[in-house]
Amino acid sequence: IGKHMRDILNLNEQWRLTRGLADWMKSYMVSKCGQYLRKIQQLTPYYAVIFVMSSQGACVAMTDRIENYWYGNDEIFLKSFNEGKGDIYISDVIFDEASQAYLVYISVPVMDGDKAIGVISFGIDVDRMQDSYTNIE
């Protein structure tokens, strides 16, 4: 395990041990990418969280606090990154501790030509989505 990966894992451990949203975590929300994700989220109220991961599965930007900094060993990242080939991944419904809601994650690769360079994941609040479609009728 290289120094860079060790740094990622150390930051992930610090992230997981931190309660709430620490000031140092907010940089992932206020970056240009984080602000853009927030605009997308505001247009779709059932997006509980949107976050972007690097090619190693480390958080690059987010709209809200996520459970981990590193998702490199999680299906949310692995299936979508697909060893650099990219693919779409849809999770089962899971209870998300950070948002305290039942979410389905839809992850899509961030592509540079035909090579995946990262992943963007949308955490969809299934109860809010259900409510938004029920209100249409």
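Cross-link partners of K26 among lysines, defined as those whose alpha carbon lies under 19 angstrom from its own and excluding same-chain residues fewer than eight positions apart: K39. With all protein chains in place and a 1.4 Å probe, the accessible surface of the chain carries 52 percent carbon and sulfur. Calculated [222 nm] ellipticity per residue, helices only, for the chain: -10000 deg cm²/dmol; basis is -39500 (n - 2.57) per DSSP H run with n ≥ 4, divided by all residues, nearest 500.
Packing-wise, with mean Cβ within 10 Å as the measure, how do 111-120, 88-97 rank, highest first?
On the way: 111-120: 15.0, 88-97: 12.8.
Top of the packing list down: 111-120, 88-97.
Listed values for segment 114-120 are Karplus-derived 3J(HN,Hα) couplings in whole Hz (6.51 cos²θ - 1.76 cosθ + 1.60, θ = phi - 60°), namely 9, 10, 6, 10, x, 9, 10, and x replaces Gly and Pro. Here the Karplus relation 6.51 cos²θ - 1.76 cosθ + 1.60, evaluated at θ = phi - 60°, turns the backbone of segment 98-111 into coupling constants of 4, 9, 6, 8, 8, 10, 10, 9, 10, 10, 10, x, 8, 9 Hz, with x for every Gly and Pro. Computed over the chain with a Gaussian network model linking Cα atoms closer than 10 Å, the most mobile of W15, W70, W24 is W24.
Just check segment 1-87 against the gyration tensor rule for me: Cα atoms, a ≥ b ≥ c as the square roots of the eigenvalues, rounded for a/c under 1.5, and otherwise prolate or oblate depending on whether a/b exceeds b/c. Walk me through the intermediate numbers first.
Values: a/c = 1.97, a/b = 1.19, b/c = 1.65.
Taking the square roots of the gyration eigenvalues as a ≥ b ≥ c, segment 1-87 is oblate.
Only aspartates and glutamates eight or more places from K32 in sequence, or on another chain, were considered; those with a Cα closer than 18 Å are D23, D64. Shown in residue order for segment 35-48 are the 3J(HN,Hα) couplings computed by the Karplus curve 6.51 cos²θ - 1.76 cosθ + 1.60 at θ = phi - 60°: 5, 5, 4, 4, 4, 4, 4, 5, 7, 10, x, 8, 7, 5 Hz (x for Gly and Pro).
Which of rounded, prolate, oblate describes segment 17-137, given a ≥ b ≥ c as roots of the alpha-carbon gyration tensor eigenvalues and a/c under 1.5 marking rounded, otherwise prolate only if a/b is larger than b/c?
Taking the square roots of the gyration eigenvalues as a ≥ b ≥ c, segment 17-137 is oblate.
Between the helical axis of 3-17 and the longest alpha-carbon principal axis of the chain there is an angle of about 40 degrees. Normalised per residue, the accessible area of the chain is 60 Å², obtained with a 1.4 Å probe and no contribution from ligands, DNA or RNA.
The values are calculated or read from the model by the stated rules, or taken from the named source; none is laboratory data. None of the values given here were measured: they were computed from a predicted structure. Every residue, glycine among them, receives a Cβ derived from its backbone with ideal geometry; neighbour counts consider all protein chains shown. The protein model used for the area step is the full one, side chains on, heavy atoms only, and it has no ligands, DNA or RNA in it. Shrake-Rupley method; radii C 1.70, N 1.55, O 1.52, S 1.80 Å.
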